[in-house]
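The values are calculated or read from the model by the stated rules, or taken from the named source; none is laboratory data. Predicted, not measured: the structure shown is a model, and the values here were computed from it. With ideal geometry, Cβ positions are generated from the backbone for all residues, glycine too; neighbour counts draw on all protein chains shown. SASA here: full protein model, heavy atoms, side chains in, ligands and nucleic acids out. Shrake-Rupley method; radii C 1.70, N 1.55, O 1.52, S 1.80 Å.
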Amino acid sequence: MSVTTADYMFAPEAETMPRHKLADLQLRRLQQTLRCAYKNVPHYRKAFDAAGVVPDDLRTLEDLAKFPFTVKSDLRDNYPFGLFAVPRSELVRLHASSGTTGKPTVVGYTASDLDTWARLMARSLASAGARPGQTIHNAYGYGLFTGGLGAHYGAERLGCTVVPMSGGNTEKQIVLIQDFEAQILCATPSYALNIAEVAEKEGVDLKKGPLRIAVCGAEPWSEAMRKELDERLGVRAHDIYGLSEIMGPGVAVECQERDGLHGWEDHFLFEIVDPETLKPKPMGEAGELVITTLSKQALPMIRYRTRDITRLSVEPCSCGRTHVRILRVTGRNDDMLIIRGVNVYPSQVEAVLVGFPNIAPHYQLVIQREGMLDTLTVEVEAEPGLAIGQEAYDHIGRQVQHHIKSIIGVTCRVVVLSPGELPRSQGKAIRVRDLRKKAGPA
């Protein structure tokens, strides 16, 4: 029987656990995780010894600050299996990154890990409004990327019907969304927008169908993009957060209040640190998100630096869930661009562009070096149906350029392209083209 109550929770006892009980559970699980990592992972034993700490030094949650961080290069340096805490015979699945910047990042799961992942993903989908008996159209990519299978098994665990579409073949996506009467769409925000755009070109009004919820993640996106998705798909778009190194999707999710993402503290411990000094920051202050796994068997992660910039809040949520809220990620340390002394995140540019008159919500940032200076060109598209010439395009570009300068403070060049000229995403959108490396040293 389909559940429709607004206050439905997949795991109500865990989701509403009093905060003092959450802290007690975190401490017990953290102590176990540190002991396991120190005993079974040579990298962690060496890192702990170098920092002068042992697992028994952790007596309170605050003591975690004494322990060293883990960064993505640690996974690449220990490629492929050097960070695993269990014998390879206990691994039942491997995932990996594309490895476009070097060796791929390899992650693995025991049967218990996959069970935990499915339960947390079911919890996350239910928090966003999905209910048992509903149909979920899953347009996240399947394969080595964790998004597709993570959403798939979580949806099945919740009791939903899953359409395992994966990415691409957008016209067929639209047909199946209609024919199978999906209520929930899972996709990256950029690909969800692509689905909306293609549907509009084909004269299909998805707002008239049963689609009511979009669960979007895998890339930073803005409130302006949320509004665009809500209006063009007729949904309530919810942010979902995860990293392959930590688990995959389902580490945190927005409930129906859409006021921050609940991070599941019974399985993860969240910190905010200053990205320069690496010192812990007080609750509510912005900084880099650091996550420690508390129940993962195959690949425990101790103080993993996500590079994501955000804030945490433990203010009560009206949904009744007690878990910390991760406020919207504003960007990544490693995505930040410094253009003539101004720090710029792609998501900041997106927030300026989406909803701007006569501009479609598609963009790309092109970084080049001219002489000794870095320059930024923002490529955008005119709205479909805007039958105007190059002179008018140039006028729109100057308006956008002025708006970016006044809001973000960076001087850039804006090029307005015809509708459809920018490449469309079937997964994670490529927002930045850095041509400085191709140009060589100045």
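Any residue in the range 82-100 that is touching a Phe, Trp or Tyr at 6+ places or on another chain (Cβ under 7 Å), buried (at least 16 other Cβ atoms within 10 Å of the Cβ), of a type in the set (Gly, Ala, Ser) and touching a residue at least 40 places away in the same chain (Cβ under 8 Å)? Looking through the range 82-100, none of the residues is touching a Phe, Trp or Tyr at 6+ places or on another chain (Cβ under 7 Å), buried (at least 16 other Cβ atoms within 10 Å of the Cβ), of a type in the set (Gly, Ala, Ser) and touching a residue at least 40 places away in the same chain (Cβ under 8 Å).
Going through (1) in contact (Cβ under 8 Å) with a residue 40 or more places away in the chain; (2) within 30 Å of Gly143 (Cα to Cα); (3) surrounded by fewer than 18 Cβ atoms within 10 Å (Cβ to Cβ); (4) not basic (Lys, Arg) one by one, Gly420 falls short only on (1).
For the range 369-402, taking the residues that are surrounded by 16 or more Cβ atoms within 10 Å (Cβ to Cβ) and within 27 Å of the chain's Cα centre (by Cα), the one that is nearest to Asp434 (Cα to Cα) is identified as Leu376.
Scanning the range 205-227 for residues that are within 30 Å of Val344 (Cβ to Cβ), of a type in the set (Gly, Ala, Ser) and open to solvent by 20 Å² or more (accessible area, probe 1.4 Å) returns Ala218, Ala224.
When Leu27, Leu22, Leu58 are checked against the criterion of being modelled with pLDDT of 95 or more, under 30 Å from Glu156 (Cβ atoms) and not hydroxyl-bearing (Ser, Thr, Tyr), Leu22 stands alone in meeting it.
From the list Asp334, Asp274, which residue is open to solvent by 50 Å² or more (accessible area, probe 1.4 Å) and under 20 Å from Val71 (Cα atoms)? Just a single option satisfies the conditions, and that option is Asp334. Within the range 346-360, work out how many residues are on the phi > 0 side of the Ramachandran plot and of a type in the set (A, V, I, L, M). Result for the range 346-360: 0. Being among the aliphatic types (A, V, I, L, M), free of Cβ contacts under 8 Å to residues at least 40 places away in the same chain, open to solvent by less than 80 Å² (accessible area, probe 1.4 Å) and outside any helix (DSSP H, G or I) is true of Val53. Any residue that is polar (S, T, N, Q), open to solvent by less than 40 Å² (accessible area, probe 1.4 Å), closer than 17 Å to Ile240 by Cβ and in contact (Cβ under 8 Å) with a residue 40 or more places away in the chain - is there at least one of those in the range 103-110? No; the residues of the range 103-110 include none that is polar (S, T, N, Q), open to solvent by less than 40 Å² (accessible area, probe 1.4 Å), closer than 17 Å to Ile240 by Cβ and in contact (Cβ under 8 Å) with a residue 40 or more places away in the chain.
Considering Pro316, Pro361, the condition of being out of contact with any Lys or Arg (no Cβ under 8 Å at 6 or more places or on another chain) and either open to solvent by less than 60 Å² (accessible area, probe 1.4 Å) or small (Gly, Ala, Ser) (or both) is satisfied by Pro361 alone.
Among the residues of the range 177-200, the ones that are in contact with an Asp or Glu (Cβ under 9 Å, 6 or more places away or on another chain), open to solvent by less than 10 Å² (accessible area, probe 1.4 Å) and not hydroxyl-bearing (Ser, Thr, Tyr) come to 4 in all. Selection within the range 319-361: residues that are farther than 19 Å from Cys412 by Cα and basic (Lys, Arg). The member of this set that is modelled with the lowest pLDDT is Arg332.
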